[in-house]
1. Just to be sure I understand the model, the point goes 7 Å from the Cα along the line to the Cβ. What's the resulting HIS67 to ALA158 distance in nm?
2. For VAL107 paired with ALA186, estimate the spin-label separation in nm (one decimal), with each label point 7 Å from Cα along the Cα-to-Cβ line.
3. Can you list which of the GluC sites (Glu not before Pro) found in the range 24-75 are DSSP loop residues with at most 11 other C-beta atoms within 10 Å?
4. At a threshold of 8 angstrom on Cα-Cα distance, excluding pairs fewer than six apart, so keeping six or more, what relative contact order does the chain reach in percent?
5. Cα gyration tensor of the range 31-265, axes a ≥ b ≥ c as square roots of the eigenvalues: rounded (a/c below 1.5), prolate (a/b > b/c) or oblate?
6. Out of residues 5 or more away from ALA195 or on other chains, whose amide H comes under 5 Å of its own, with H placed 1.01 Å from N in the peptide plane?
7. Using θ = phi - 60° and the Karplus form 6.51 cos²θ - 1.76 cosθ + 1.60, what ³J(HN,Hα) does each residue of the range 49-62 get, whole Hz, x for Gly and Pro?
8. For VAL106, what residues show an amide H to amide H distance below 5 Å, using hydrogens built from the backbone and excluding near sequence neighbours?
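Bear in mind that the values in this text are calculations on the coordinates, not laboratory data. This is a predicted model, so every value here is computed, not measured. No Cβ is skipped: glycine too gets one built from the backbone with ideal geometry, and neighbour counts run over all protein chains shown.
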Amino acid sequence: MSKHGGREQLSIPGPSVMPEAVLRAMHRASPNIYEGELINMMDGITAGLKRVARTKQGVAIYIGNGHGAWEAALSNVVGEGDHVLGLFNGRFGEGWAEMATGLGAVVEKLDFGKKAPVDASKLEAALKADTQGRIKAVLCTHTDTSTSIRNDIEMIRAAMTASGHDALLMVDCIASLGCDRFEMDAWGVDVAVAASQKGLMVPAGVSFVFISDKAAARRAEMKRVSRYWDWAPRANPEMFFQYFGGTAPTHHLYGLRTALGMLEEEGMEAVWARHEKLANAVWAACEAWGADGPLKMNVASPAQRSCAVTALHVGQPHGLNLRRWCEQNAGVTLGIGLGMSTDEDPKGEGFFRIGHMGHVNPQMIMATLGSMETAFEAHKVPRGAGALDAAVKVLASSGA
Ligand SMILES: Cc1ncc(COP(=O)(O)O)c(C=O)c1O
């Protein structure tokens with residue numbers, strides 16, 4: 001078997017597959033950065049970003065990856081010595097909190113393990129216990145890409161409101177934006193961070209911080225904010241260069257304009273429904289495989305799973321064999337397990353992830369699942385029958 005002679009497919013959870021239209025939009029000479037088209041397209045880009053995040057409040061754009069957006073967001077509202085409460089159910093929740101520690105914040109933690117979403121009652125209790133109001137912000141992922149748990153942001157906000165606490169709700173939507181329903185304003189999110197390379201279908205390198213009016217007011221009370229990370233001029237620029245604190249990420253902007261146009265044309269409700277359907281097809285196949293073999297989805301309840309990524313455990317040596325076979329023989333790259341090492345499996349190679357985010361459709365999902373079935377067969381991995389059939393039934397049905 002050889003992967004040569006056809007297209008290769010990236011089924012990792014970001015960077016995701018880029019549409020040809022995005023690639024074509026970027027394939028051009030550098031533009032004038034002082035006047036003309038580039039400047040004129042910024043209103044459309046910021047309006048498009050806000051439509052995707054469902055907010056009418058502010059947005060700042062950064063040249064940087066998701067880590068950059070994490071630091072940018074924190075730098076505007078969390079000062080040295082301030083307390084933040086980190087809600088953990090995977091590597092990325094932990095990573096954002098580590099960044100807060102690096103900026104001199106005191107991190108308090110609620111750890112929900114690697115299989116369950118945030119328990120809102122525990123959050124409410126923790127905030128009620130903070131009688132002096134020391135906690136300035138609650139940090140949480142919408143989807144933690146390492147575990148594929150999707151947290152219920154509405155419920156988290158409700159718990160914060162019930163506690164009577166004034167902390168900001170800061171949400172990492174890096175994996176979920178443009179994949180899972182996210183409603184910044186309706187859900188009462190104060191700060192949301194996102195990046196270009198997943199549901200937004202653009203290369204890695206630009207990231208976004210969405211800013212509520214409450215968060216903007218907090219920023220105004222800060223003693224100082226690093227000049228480069230300061231979101232105030234970026235969200236309300238008087239001159240073009242202030243959007244980016246220097247030279248614009250010109251080609252990312254062309255790609256982003258095209259990608260936002262594609263999302264707009266499809267409609268956010270349809271984009272979310274597509275991701276839900278494709279995720280359901282993946283899960284149906286995984287259920288069938290798991291019925292008579294070692295494969296297990298990391299998150300048991302479908303309601304708690306992300307529609308952008310599915311984390312799975314198949315044990316060793318199957319995990320590594322499966323990924324290797326798919327990449328080397330079928331041209332399909334699956335995601336590695338991240339932050340899932342155990343004493344028996346110190347490299348966490350028994351885990352892997354399927355990315356189904358962004359520019360994906362049924363034929364791509366069937367290619368990934370079909371390649372996995374073939375890899376299982378090649379390595380004689382025990383598994384239940386009918387996985388592809390189960391996926392087909394979901395895709396052929398009219399519901400989600
Ligand atoms: C949920 C989440 N947060 C943060 C990050 C970090 O983003 P980046 O790798 O672009 O710095 C990622 C990357 O995969 C992510 O999935």
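1. Result: 3.7 nm between the two label points.
2. Between VAL107 and ALA186, the label points sit 3.2 nm apart.
3. In loop regions of the range 24-75 (DSSP not H, G, I, E or B), the sparsely surrounded GluC sites (Glu not before Pro) are GLU35.
4. For the chain, the relative contact order is 23 percent.
5. Here the range 31-265 falls in the prolate category.
6. PHE208
7. 4, 5, 5, 5, 8, 6, 9, 10, 8, x, 9, 10, 10, 10
8. The answer is GLY81, ASP82, HIS83, VAL84.
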